[in-house]
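Structure first, then comments.
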Amino acid sequence: MTATSAPLRRENSQQRPSLRVVEGVDGHSQRSAVVFLVFCASLLLMAIVIPLIANTNMAHIAYEMRDVSVQLSEEEAAIQTLEKKLLEQSSQSVLREKAQGIGMVPAAPLGVIVLENGTVEGGVPAQ
């Protein structure tokens, strides 16, 4: 070391502020811990409650779907019953009986009109 460098170091050390330890505030660290614990508890609560709500909602929808399925089955059975009745009522024998009941007679064989002379060939008039 030279003689000139030693005095410079002393001057620099006198110009620098002295360092000191700053102690933390106890209330702030306790508040941070409380906020952190509340945050963790709320996350845990949400992790439990959200799936519970979702499962409950899905179960409710499943019951509604089952009810609608049962109702659909009943309606399909009613439709089949009505279609069976319609086929029975539209059968040839039932229609003939109903027509005779209101006074209708069976149709006679059809005739052909000849336009040249204005006569009807074939056919029989209805009775």
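The values are calculated or read from the model by the stated rules, or taken from the named source; none is laboratory data. As the structure is a prediction and not an experimental result, all values here were calculated from the model. Every residue, glycine among them, receives a Cβ derived from its backbone with ideal geometry; neighbour counts consider all protein chains shown.
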Requested in this report: For the stretch 89-101, indicate whether the set of residues that are loosely packed, with under 10 Cβ neighbours inside 10 Å and either more than 30 Å from Pro125 (Cα to Cα) or β-branched (Val, Ile, Thr) (or both) is non-empty.
Outcome: no
Query - Meets criteria (surrounded by 10 or more Cβ atoms within 10 Å (Cβ to Cβ) and on the phi > 0 side of the Ramachandran plot) for Gly111 - result: no
Query raised in the report: Just wondering, is there one or more residues in the stretch 79-93 that are outside any helix (DSSP H, G or I), modelled with pLDDT under 95 and on the phi < 0 side of the Ramachandran plot?
Result: yes
